[in-house]
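The values are calculated or read from the model by the stated rules, or taken from the named source; none is laboratory data. Predicted, not measured: the structure shown is a model, and the values here were computed from it. Positions of Cβ are generated from backbone atoms using ideal geometry, with glycine treated the same way; all protein chains shown enter the neighbour counts. Side chains included, ligands, DNA and RNA excluded: accessible areas come from the protein's heavy atoms. Shrake-Rupley method; radii C 1.70, N 1.55, O 1.52, S 1.80 Å.
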Amino acid sequence: MMAAAPKVFILILHWQKYEVTRNCLASFRTLEYSHYQIIVLDNASTNDSAHRLEKEFPECLFIFNKENKGYGAGMNPGIRYALDHGGAYIFLLNNDVIVNQPEFLQLLLQFMESHPQVGIAGPKLLFADGSYQRSYRYGFLSLALGFWSIEKIRTLWGRMQKKTDQGSITHRVDWLNAVALLFKRQVFEDIGLMDERFFLGAEDVDLSLRARQKEWETWYCAKSELTHLSFTSHDNAGSAGYDRFWVESTLLFLQKYYTFPVVLFVRMAMVLGLFLRGIQWFFLGLFNRKYFKRAKTFFTISCYTIISRPKFANKI
C-alpha cells in the first residue's frame, strides 16, 4: 500500500466531440481515488463543445490551445502545468475512454510505487462489449510492421504452445498505445516533453524509446482496467485521411532513430504489406461489397507511403 496518496494529473485532449469527452469525464465521477486533477486540453475546437463541458464539469481545469498542432503539442501545456504544480504522476488519456473499474487508478499507482524502475505503465483495455483490446507491443519497429500481423502469428504460436494469454499477465513491454499512459514525473524531467513534430501517431513509441534510453521501463498492468471505445474521438477514423497522419508519423519516427538503409527497407515493407492487405480486402469484397471501401483505404495509403516525403522541420 502507498504511504501517502500521490497527486495525479489526468490530461485529456479534446477536439470537437462533446458527447465523447462528456462520457469520459462523467465516468471519472465514479473513481475511487481523491488526490487527482483532471485537465481538459481543448485543441482549438471550432465549436462550443469545450465551453459547454467547462460549465458542466467545474471540477476540471480547462486549457484552451490557440492552434491545433497535433496530439503532442496539444498535451504539452498540460504536462508543463502538472510539473509546475507538484504532480507526482501524469496520466495521458484519450477522451474515448470510460472508467469501468473505479479502483483502476489505485491499482496502477500501487504497481508503480512498488516498482521504482517502472516509468510508464498502462492498464488493460477493453472494448465496449467487454472483450479484450490489445494495447502493447514488442519491438519499436512494430509501429511500422504491425500490419504484417506478426503479433497474430506470435499469439497463435503461444496458443499452440499452450501459453497463458499475455493480456491477463502484468509484464514488461517495449511500448504501449497512447490511449492510457501513466508516467512518473521524473520521466518527463529526464526526457523532456512530447515531440511536437509528430502530429498524430508514433508519439507513444517515441516516449517509451526515449524513456528506455534513460533506463526507465514500460509495463502493462493487467489488474487495472479501462474501457476504450476505440477511435470514436477521431473524425473519419477509418479513412485514408487518418491513415495519412499515421504514415507521416511512422516515417518521421524511422527517420529520427534509424539509418537510411533501415528506413528504406522498412518503408518498402510498409508499402508491400499495405498493398497485400488491400488485395485481401478486395477479394473479401467480392463476397461482401462493404469490404471494398476497406480495400480502397489500404490501396490509397500504400500509394501515399510511396510518395510521402515528411521531414523534421526543426529540433526541440
- Query: If the Cβ limit is 8 Å and pairs must be 6+ apart or interchain, which residue in the stretch 130-149 that is under 19 Å from Leu276 (Cα atoms) pairs with which residue that is at pLDDT 85 or above and of a type in the set (Asp, Glu)?
  - Reply: Ser142/Asp174
- Note on the structure: Subset of the stretch 1-27, residues more than 19 Å from the chain's Cα centre (by Cα) and open to solvent by less than 20 Å² (accessible area, probe 1.4 Å), comes to Pro6, Ser27
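Could you grab me the full set of residues in the stretch 85-111 that are outside any loop (DSSP other than H, G, I, E, B), closer than 20 Å to Asp195 by Cβ and not β-branched (Val, Ile, Thr)?
The first filter runs over the stretch 85-111 and keeps only residues outside any loop (DSSP other than H, G, I, E, B), leaving 89-93, 97-98, 104-111.
Imposing the further condition that a residue be closer than 20 Å to Asp195 by Cβ reduces the set to 90-93.
Listed by number, the residues that qualify are Phe91, Leu92, Leu93.
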- Query: Which one of the conditions (1) within 29 Å of Val266 (Cα to Cα); (2) open to solvent by 50 Å² or more (accessible area, probe 1.4 Å) does His85 fail to meet, given that it meets all the rest?
  - Reply: (1)
- Query: Taking into account only those residues within the stretch 61-81 that are under 19 Å from the mean Cα position of the chain (by Cα) and among the hydrophobic types (A, V, I, L, M, F, W, C), which is nearest to Ser49 (Cα to Cα)?
  - Reply: Met75
- Message: What's the total number of residues in the stretch 84-119 that are more than 21 Å from Glu203 (Cα to Cα) and among the hydroxyl-bearing types (Ser, Thr, Tyr)?
- Response: 1
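Do you know which residues across the stretch 185-216 are among the acidic types (Asp, Glu), open to solvent by 30 Å² or more (accessible area, probe 1.4 Å) and farther than 18 Å from Arg80 by Cα? Lay out the reasoning, then the answer.
Taking the stretch 185-216 as the starting set, the residues that turn out to be among the acidic types (Asp, Glu) are 189-190, 195-196, 203-204, 206, 215.
With the extra rule that they be open to solvent by 30 Å² or more (accessible area, probe 1.4 Å), the set shrinks to 189-190, 196, 215.
Answer for the stretch 185-216, where residues must be among the acidic types (Asp, Glu), open to solvent by 30 Å² or more (accessible area, probe 1.4 Å) and farther than 18 Å from Arg80 by Cα: just Glu215.
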- Message: I need a count of the residues in the stretch 1-45 that are more than 25 Å from Phe64 (Cβ to Cβ) and not polar (S, T, N, Q).
- Response: 9
- Query: Assuming Ser208 fulfils every condition listed in (1) within 19 Å of Trp246 (Cβ to Cβ); (2) at pLDDT below 95; (3) assigned to a helix (DSSP H, G or I); (4) among the small types (Gly, Ala, Ser) apart from one, which condition is it?
  - Reply: (2)
- Task: Test each condition in (1) farther than 23 Å from Trp246 by Cα; (2) in contact with a Phe, Trp or Tyr (Cβ under 8 Å, 6 or more places away or on another chain) for Glu59 and report the one that comes out false.
- Result: (2)
- Task: Give the residues of the stretch 99-141 that are under 19 Å from Leu11 (Cα atoms) and either open to solvent by 30 Å² or more (accessible area, probe 1.4 Å) or of a type in the set (Phe, Trp, Tyr) (or both), sorted by residue number.
- Result: Asn100, Pro102, Glu103, Phe104, Gln106, Leu107, Lys124
- Task: Quick one: Arg309 ticks every box in (1) within 17 Å of Phe199 (Cα to Cα); (2) buried (at least 17 other Cβ atoms within 10 Å of the Cβ); (3) not small (Gly, Ala, Ser) except a single one, so which number is it?
- Result: (2)
- Message: Test of understanding: among Pro77, Pro58, which residue is open to solvent by less than 70 Å² (accessible area, probe 1.4 Å) and either of a type outside the set (A, V, I, L, M) or at pLDDT 95 or above (or both)?
- Response: Pro77
- For the stretch 113-130, enumerate the residues that are in contact with a Cys (Cβ under 8 Å, 6 or more places away or on another chain) and among the hydrophobic types (A, V, I, L, M, F, W, C). Ala121
- Check on Thr227, at pLDDT below 90 and β-branched (Val, Ile, Thr): no
